[in-house]
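*Asks:* Quick one: this structure, given as structure tokens, is what I'll be asking you about.
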Amino acid sequence: MRPRPFDFYQPTSIKEASEILHSHEDAKPLAGGQSLIPMMKLRIFSPSEIMSLAKIKEMKPYISETGQILKIGAMATHDMIHRSDVLRNAVPVLSEAAGEIADQQIRNRGTIGGNIAHGDPSTNLSAALLALDAEIEVQGIEGTRIIPIDEFFLDLFTTALDHGEIITEFRVKASPHTKQKFMKVAKSDTAFPMAFVALNVGLSEGFVENARIALGVAGPTPLRALEAEKFLLKKRLDSEVITKAAQIATKDLEPPSDVHASEEYRKQLLSTLIKRGLSSFVG
Amino acid sequence: MEVLQTHKGEVKAANKYIGKNIKIREDVKLVQGKGHYIDDLELPGTLHMAYATSTYGHARIKKIDTSKCFTIPGVLYVVTGEELKSRLSPFMEIATPPSGNLRDYPLAVDKVRYYGEPVAAIVATDPYIAEDAAELVDVEYELLPVVLDGEKSLEQDAPLVHENIGSNVVWKGVWDLGDTESAFDRADLIVEDVVRTHRYASVPLETNGMVASYDEGSNIITVHSVNQMPMFSLPLICAALGIPPSGFRMIVPPNVGGAFGGKIINYTHITLVSYLTRILKKPVKYVETRTENITFGTHNNERIYHVSLAARKDGKVLGVRMKAIDNCGAYPRYEPAGAVIWAQVVPGIYDVRDIYVEFIQVLSNKGPTGPVRGYSRVQHNFMWERMMNALAKKLNMDPTEVRFKNLIQPEKMPYVGPSNTIYDGGNYPASFKRLLDTLEYKKWRDLQAKSRPDGRLIGIGVAAVIDSGANNFSQIKIINKDFPASGNSDVGMVIVDQFGDIVARTGTTDQGQSHATTFSQIVAEVFDTDPEEIKFQEGFDSISNIWAAHSGAYASRSAVIAGTALYYAARNLKQKVLKIAQSIMDEPISDLDIKNKEVFSKVSGKKIPLAKVASVAWSDVGLLPDGIDPGLMSYAIYKPDFKFNMPDERNRINNTLTYSYSIHATVVEVDPETFQIKILKHVVISDPGTIINPLVVEGQEMGATLHGISAALSENLVYDDDGILLSSNFWDYNVIGAKQMPDLELLQDVTRSTSSVLGVRGIGEGGGGPIGSIINAVEDAVTPLNIKLISSNISSYDLFSLNRKNEVI
């Protein structure tokens, strides 16, 4: 199918881009097009104005390391992220999550900025960045601000971005000593996932020092299993603790139901993935 | 000509080019983007057609307002069923009345009968505008109750899909073969079971597409389309349009991007673009969107079997009785042809002669069905393999042992089955044994037993399919003795052109089966010339190229039928070359032969190039010996003798020419918590007959296996209770890709076909072999959970739900 008509803008600076967004209520930024283009082609979403980020000079894709802080440009592709040695060593959960996105062609096009700005609970990177407690740098007509990822996702396809704001960078702390894992269940690589989790757990002499558990397709937004994280603190990861944590993490969830999985089945998948992920950190 | 001569059970290695792994010449061109597909065709001034489609499963059309469409500049024409009803004849039906009276047009008339049915067509200057305008078609519907399930559609008060035929029955027939009464009397036990096959699609990479143009001067409509059976479809189209075949030219482009059966019932779109081009006097193009292709491109038939199987205590099956209810969706189109072709494989691979089948095909408010790889046999094969497992379970026997008890023995080959099918060779028991050895069956059974106490769910399944090829259209006479189609035929043409190049053509078309490579090998064998030197002209043209009425790539027929025609054409042309060479070289014909595009004398060693002979034959014709016509062009038409060519009063007929088989063995492991199904090992054994090119055969077998795995574990057209298709695009209709596919081991036990001239068997379909082995393996794996499977599709979500409810879906 083909999209409905739209006007197309191709600004060359962030300033210009912000102004376009600010003055055009319906304008939608286009990064890699991984989600936006198929939605437009199926005519389930038809913005009347599209603004490409491809020619913005400040938004060339990059991955850099400044001390303990890793900076990832919003236009970095999934493939770049997946193949980055720096990221693989410092934040393996992000690297794994990027590598499990769809197929090679999509990883060549899709960007981390687009993935997050979309506000879809089924994007791999949202869970990985949630588990890593990332910071999101956004720029708009009023200037630059930082949004902690915990405050970013508001509802289904709804984020804390104001209209006119563009994600420019992600910052995550290098955490090579924590245990990290990304795990997903999907019918095929290119299918929407049934469930996934991203785990980031700091252990000290076998005891949990800090834990972030992020859940995908578990509700209207990417979610953290806050109670389970709290429960794990100061505990040793034995099978009883792990089982309990998985139970706590999923007991109040209301994941969506569709042809691929019911709410109940998704809960079971999430719980199993958490259990297996945590178990992989010990023994 | 000594090529291809083999004795039973052995293929002589004497062939020089047939059977060789010759590089597939088409592939490089296609991956470089140098192919010519339908969507590459842009005739000057082409207009584009888009459909507005039904958003309901069943509804009366009260009013269609298309006026808003014309508010968009570039919209030229909008047509609805109301207009077509008075301007076209309804499509010819294969079935006799009453169902033969149902009225099928390219657009919905009076009612919509399935979700996604085309309701209006918009023609505009570009495809974007056409789609924009399609959204503005305003249809007022009155909702009607839907009927989706085959059994429900037979109920007294079921909603009627086509009221004028008085019921939802398309066709019913009975096969009363042998003596089931006596078989059931002699039986030690009766096993009863229900088997269901699910709905999936053929999903070729390239969707259906066509471009029609109209020449006012000659009053000829020319259609370029991807249709797989152009000359079968042509009369249907011409009859609907009310024009003679001489006014209609059908062309198939040189490259078609896969079909798998799904490019036959596209004649409805061809008719519509032809109708529109005649009105608009400009070319009209339509290429299905992916969503349209999944929604109405061609679905596989759903079928429900109620089976009683009579057996002895030792596992020997004595007879079987079944009632099969086949759900063909809202319009029969190529159906009920499929309602009889399962009968190509009546006993599966088993020596069972007392079989009673009551077969009913019904309509429902779902998308139209038609041939999908393994058409109609895949369901029947699946039924056999489920019943074999059910019998094994009841007898507490190993499922492989039960099969060994029933396999057709090699000494009975060629095997005339209970419905007069002639299975053309193969050693089923030896192949089955080799399959199990390669799988390491015993090892897996041991591991299964050992690991069950640890909660591991490992399962092993086997299943066979008869992959019948080169169909005999006379089977349609079972349905309608007046329908003008029987037998099968195709043509081959070989030319030695003026420069001495060998050029071949056939009537069949290619959809990725590497015809140019394989057909060149056949001609190369006859002319003892490197296949690279043989030119092969692809593409179909009803006016300027050769064809037979059955021409086309479907039913695994090209190698068997077109290949034989080509072989005859080459052989005849060789004789003519030698006759002319005899007079040029002044040597007896018996001393002459051809090699590497030269005629040489086996006695004197003298040689002349083919070009020399060609020059005399085509241009220097004064030098031709008396009684020899100019030109080096040979045309052969081949019509196989099926022995039992026409159905008898018990519907017995040899309704295809070759009967390749494949047996699949799968080991799966089911995750006890996520219920994900992982294939640990998959081995296939088959007998393709004489192989022309092993790379091509392997490619076909691998493709068929992967298609079957995807059908069993993923692809499923799910309708909700209101008849809305929930899986109409790749977000929800998941086709498993290469990355998810397990490693396959493909084995072959090659015997020459006793029915085909070249010894080859049709193997293009594969018949969904893995579906049975996977379902059997999954059910075996979840034995400790006491889950029973019925359907040919299983997902992790299904297993989770079954386990939770512990009941059958």
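*Asks:* Search the range B:732-788 for residues being surrounded by fewer than 17 Cβ atoms within 10 Å (Cβ to Cβ), within 14 Å of another protein chain (Cβ to nearest Cβ) and not in a loop (DSSP other than H, G, I, E, B), and hand back the single one that is nearest to the chain's Cα centre (by Cα).
*Replies:* Going through the qualifying residues, I end up with B:738.
*Asks:* Tell me yes or no: at least one residue of the range B:315-326 is assigned to a loop (DSSP other than H, G, I, E, B), at pLDDT 95 or above and either within 26 Å of residue B:484 (Cβ to Cβ) or in contact with a Phe, Trp or Tyr (Cβ under 9 Å, 6 or more places away or on another chain) (or both).
*Replies:* Within the range B:315-326 (the criterion being assigned to a loop (DSSP other than H, G, I, E, B), at pLDDT 95 or above and either within 26 Å of residue B:484 (Cβ to Cβ) or in contact with a Phe, Trp or Tyr (Cβ under 9 Å, 6 or more places away or on another chain) (or both)), the answer is yes, since at least one residue qualifies.
*Asks:* Shifting gears a bit: Would you confirm, using the coordinates I've provided, whether residue B:800 is within 14 Å of another protein chain (Cβ to nearest Cβ), touching a residue at least 60 places away in the same chain (Cβ under 8 Å) and outside any loop (DSSP other than H, G, I, E, B)?
*Replies:* yes
*Asks:* Being surrounded by fewer than 23 Cβ atoms within 10 Å (Cβ to Cβ) and either within 14 Å of chain A (Cβ to nearest Cβ) or modelled with pLDDT under 95 (or both) is the filter here; which residues of the range B:718-727 pass it?
*Replies:* B:718, B:719, B:720, B:721, B:724, B:726, B:727
*Asks:* Just for the range B:209-244: of the residues that are in a strand (DSSP E or B) and of a type outside the set (A, V, I, L, M), which one is farthest from residue B:37 (Cα to Cα)?
*Replies:* Checked the range B:209-244; the qualifying residue farthest from residue B:37 (Cα to Cα) is B:215.
*Asks:* For the range B:384-399, check the following and say yes or no: at least one residue is polar (S, T, N, Q) and without any contact (Cβ under 8 Å) to a residue 24 or more places away in the chain. Please lay out each step first, then the result.
*Replies:* First pass over the range B:384-399, keeping only residues polar (S, T, N, Q): B:389, B:396.
Narrowing the set further to residues that are without any contact (Cβ under 8 Å) to a residue 24 or more places away in the chain leaves B:396.
Checked against the condition, which is being polar (S, T, N, Q) and without any contact (Cβ under 8 Å) to a residue 24 or more places away in the chain, the range B:384-399 yields at least one hit.
*Asks:* Are there helices (runs of 4 or more DSSP H) fully within the range B:68-166 with at least 3 residues that are under 30 Å from residue B:476 (Cβ atoms) and over 30 Å from the mean Cα position of the chain (by Cα)? List them.
*Replies:* So the answer is B:81-87.
*Asks:* Sticking with this one: So is residue B:689 away from chain A (no Cβ under 13 Å), farther than 23 Å from residue B:777 by Cβ and in contact with a helix residue (DSSP H, G or I) (Cβ under 9 Å, 6 or more places away or on another chain) or not?
*Replies:* Numbers: away from chain A (no Cβ under 13 Å): yes; farther than 23 Å from residue B:777 by Cβ: yes; in contact with a helix residue (DSSP H, G or I) (Cβ under 9 Å, 6 or more places away or on another chain): yes.
Yes: the conditions hold for residue B:689.
*Asks:* Another question about this same structure. Might you check whether a residue that is in contact (Cβ under 8 Å) with a residue 40 or more places away in the chain, more than 23 Å from residue B:113 (Cα to Cα) and away from every other protein chain (no Cβ under 14 Å) occurs anywhere in the range B:287-302?
*Replies:* no
*Asks:* Still on this structure: Looking at the range A:1-60 only, could you name the residues that are of a type in the set (Val, Ile, Thr) and free of Cβ contacts under 8 Å to residues at least 40 places away in the same chain?
*Replies:* Going residue by residue through the range A:1-60, those that are of a type in the set (Val, Ile, Thr) are A:12, A:14, A:20, A:37, A:44, A:50, A:56.
The answer is A:20, A:37, A:44.
*Asks:* Residues to consider are B:615, B:590; find the one that is more than 42 Å from the chain's Cα centre (by Cα), more than 23 Å from residue B:694 (Cα to Cα), touching a residue at least 40 places away in the same chain (Cβ under 8 Å) and not in a loop (DSSP other than H, G, I, E, B).
*Replies:* When all the criteria are applied, what remains is B:615.
*Asks:* With respect to residue B:275, determine if the residue is away from chain A (no Cβ under 14 Å), part of a loop (DSSP other than H, G, I, E, B) and aromatic (Phe, Trp, Tyr).
*Replies:* Judged against the criteria, residue B:275 is not a match.
*Asks:* Checking the condition over 20 Å from the mean Cα position of the chain (by Cα), free of Cβ contacts under 8 Å to residues at least 12 places away in the same chain, more than 14 Å from every other protein chain (Cβ to nearest Cβ) and over 30 Å from residue B:116 (Cα atoms), which residue from B:673, B:669, B:649 passes?
*Replies:* When all the criteria are applied, what remains is B:649.
*Asks:* Considering (1) within 14 Å of chain B (Cβ to nearest Cβ); (2) surrounded by fewer than 16 Cβ atoms within 10 Å (Cβ to Cβ); (3) at pLDDT below 95, say which one residue A:264 fails and leave the rest.
*Replies:* (3)
*Asks:* Here is a further query. Restrict the check to the range A:221-228 and report whether at least one residue is in contact with a strand residue (DSSP E or B) (Cβ under 7 Å, 6 or more places away or on another chain), more than 14 Å from chain B (Cβ to nearest Cβ) and hydroxyl-bearing (Ser, Thr, Tyr).
*Replies:* Yes.
*Asks:* Regarding the range B:463-473, can at least one residue be identified that is surrounded by fewer than 24 Cβ atoms within 10 Å (Cβ to Cβ) and not hydrophobic (A, V, I, L, M, F, W, C)?
*Replies:* Looking for residues that are surrounded by fewer than 24 Cβ atoms within 10 Å (Cβ to Cβ) and not hydrophobic (A, V, I, L, M, F, W, C), one finds none in the range B:463-473, hence no.
The values are calculated or read from the model by the stated rules, or taken from the named source; none is laboratory data. Keep in mind that this is a model prediction, so the values were computed, not measured. So basically every Cβ, Gly included, is an ideal-geometry build from the backbone, and we count neighbours across all protein chains shown.
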